[in-house]
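Engineer: First the structure, which I've put down as structure tokens, then a few questions once you've had a look.
The values are calculated or read from the model by the stated rules, or taken from the named source; none is laboratory data. Nothing here was measured: the structure is a model prediction, and the numbers come from that model. Cβ atoms come from the backbone with ideal geometry, glycine included; neighbour counts cover every protein chain shown.
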């Protein structure tokens, strides 16, 4: 019985996943695709996804992101479904070689407008964020698991 208590406590704590402190707070449940259709300027949001491009200029860096639903910890879920693209700009320089295409980010900020840009030949309406936090997640490592069957396994 005493051996089961540490295991039970560990399992309980593992189920209580929280977002990093920088990503905590109260945010609108609006997703990027909804915001671009409904014009939700002024809402405070926490959106995330995979970086498409990074464009630093003289005073700020802007990110184009393919939005993905977030898990309870604020990290983009590893699924092939988009919640819509968005743009986010934050003061300062963010290194494009570190914040490169395909990396996962979660961004908090306020919707401050919309911008029309082409994706291929399609004209796309992007919601634009004035970002407070740009959180770059560690890269996911894919691990192949090989299960060998014993000749005595039924």
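Engineer: Quickly run through the range 93-124 and pick out the residues that are closer than 21 Å to residue 74 by Cβ and free of Cβ contacts under 8 Å to residues at least 40 places away in the same chain.
Structural biologist: Within the range 93-124, 98 is the sole residue that qualifies.
Engineer: List the number of the failed condition for residue 58; all other conditions in (1) more than 19 Å from residue 101 (Cβ to Cβ); (2) at pLDDT 95 or above; (3) not in a loop (DSSP other than H, G, I, E, B) hold.
Structural biologist: (3)
Engineer: Quick one: which of 90, 40 is touching a strand residue (DSSP E or B) at 6+ places or on another chain (Cβ under 8 Å), surrounded by 14 or more Cβ atoms within 10 Å (Cβ to Cβ) and in a loop (DSSP other than H, G, I, E, B)?
Structural biologist: Exactly one residue qualifies, and that residue is 40.
Engineer: Across the range 20-29, what is the number of residues that are free of Cβ contacts under 8 Å to residues at least 60 places away in the same chain and assigned to a loop (DSSP other than H, G, I, E, B)? Spell out how you get there, then give the answer.
Structural biologist: The first filter runs over the range 20-29 and keeps only residues free of Cβ contacts under 8 Å to residues at least 60 places away in the same chain, leaving 21, 24, 26, 28-29.
Remaining after also requiring assigned to a loop (DSSP other than H, G, I, E, B): 24, 26, 28-29.
Qualifying residue count for the region: 4.
Engineer: Can you tell me which condition residue 69 does not meet? The list is (1) touching a strand residue (DSSP E or B) at 6+ places or on another chain (Cβ under 7 Å); (2) at pLDDT below 95; (3) surrounded by 13 or more Cβ atoms within 10 Å (Cβ to Cβ); (4) more than 16 Å from residue 112 (Cβ to Cβ), and all the others hold.
Structural biologist: The single condition residue 69 does not satisfy is (1).
Engineer: Only one residue in 105, 133 is touching a helix residue (DSSP H, G or I) at 6+ places or on another chain (Cβ under 7 Å), more than 17 Å from residue 57 (Cβ to Cβ) and in a strand (DSSP E or B). Which one? Break it down into steps so the answer makes sense when it comes.
Structural biologist: Working: 105 fails: touching a helix residue (DSSP H, G or I) at 6+ places or on another chain (Cβ under 7 Å).
Only one candidate qualifies: 133.
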